[in-house]
């Protein structure tokens, strides 16, 4: 940000601003990076910093719960996924996702855990779960015979045969 949207001056100082977000009856607080105008005192929050804060809240919900419709919707939105797209990946109807998110139907534990894993991977810059779900929607045919190279981790360093 180069100019203040309030007074149009260029005297902005980097600072932090306390911010609180409440989801499912729990309050989450953090100091979010911001810019304060030295001339008029107006504070401007950075959009990407707010997104980072929301992602941090979603990650906490993904690891701690509760598994509710509100947390399910918050996690889905924090990764920028449409409800209809998630429904397709989970092999349920969009109406089912809507019923979960509005607490008209209890969120399936497997669906909540799957979304939580997708969220964690999203935060890590990965998409393994999302990629697997997409592949399951349109699976490729496997050849009748496959040659696999087993990594050392799977084989271990066993000097004696397995029993």
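Listed values, structure above:
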| read-out | value |
| --- | --- |
| Qualifying residue in the stretch 88-98 (condition: over 21 Å from residue 117 (Cα atoms) and part of a helix (DSSP H, G or I)) | yes |
| So residue 60, is it surrounded by fewer than 16 Cβ atoms within 10 Å (Cβ to Cβ) and in contact with a strand residue (DSSP E or B) (Cβ under 8 Å, 6 or more places away or on another chain) | yes |
| Search result, residues across the stretch 27-68 that are assigned to a loop (DSSP other than H, G, I, E, B) and in contact (Cβ under 8 Å) with a residue 24 or more places away in the chain | 38, 39, 40, 42, 46, 66, 67, 68 |
| Hits in the stretch 1-15 - residues which are surrounded by fewer than 16 Cβ atoms within 10 Å (Cβ to Cβ) and either touching a helix residue (DSSP H, G or I) at 6+ places or on another chain (Cβ under 9 Å) or in a loop (DSSP other than H, G, I, E, B) (or both) | 1, 2, 3, 5, 6, 7, 8, 9, 10, 11 |
| Every pair of residues 6+ apart whose Cβ atoms lie under 6 Å, when the first sits in the stretch 2-17 and is under 13 Å from residue 33 (Cα atoms) while the second is at pLDDT 90 or above and in a loop (DSSP other than H, G, I, E, B) | 13/38 |
| Failed criterion for residue 76 (all others in (1) within 24 Å of residue 132 (Cβ to Cβ); (2) over 11 Å from the mean Cα position of the chain (by Cα) hold) | (2) |
| Pair list, Cβ under 8 Å, 6 or more apart: the stretch 101-130 residue at positive phi and without any contact (Cβ under 8 Å) to a residue 60 or more places away in the chain, other residue surrounded by 13 or more Cβ atoms within 10 Å (Cβ to Cβ) and in a helix (DSSP H, G or I) | 103/69; 103/70 |
| Options 116, 108, 126; residue that is surrounded by 12 or more Cβ atoms within 10 Å (Cβ to Cβ), out of contact with any strand residue (DSSP E or B) (no Cβ under 7 Å at 6 or more places or on another chain) and within 13 Å of residue 75 (Cβ to Cβ) | 116 |
| Unmet requirement for residue 82, which otherwise passes all of (1) more than 30 Å from residue 6 (Cβ to Cβ); (2) in contact with a strand residue (DSSP E or B) (Cβ under 7 Å, 6 or more places away or on another chain) | (2) |
| Pairs with Cβ under 6 Å, 6+ apart, first in the stretch 131-148 and surrounded by 10 or more Cβ atoms within 10 Å (Cβ to Cβ), second in a helix (DSSP H, G or I) | 133/89 |
| Residue 154 modelled with pLDDT under 85 and not in a helix (DSSP H, G or I) | no |
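The values are calculated or read from the model by the stated rules, or taken from the named source; none is laboratory data. None of these values were measured; they are calculated from a predicted model. Cβ coordinates were reconstructed from backbone atoms using ideal geometry, including for glycine residues, and neighbour counts include every protein chain displayed.
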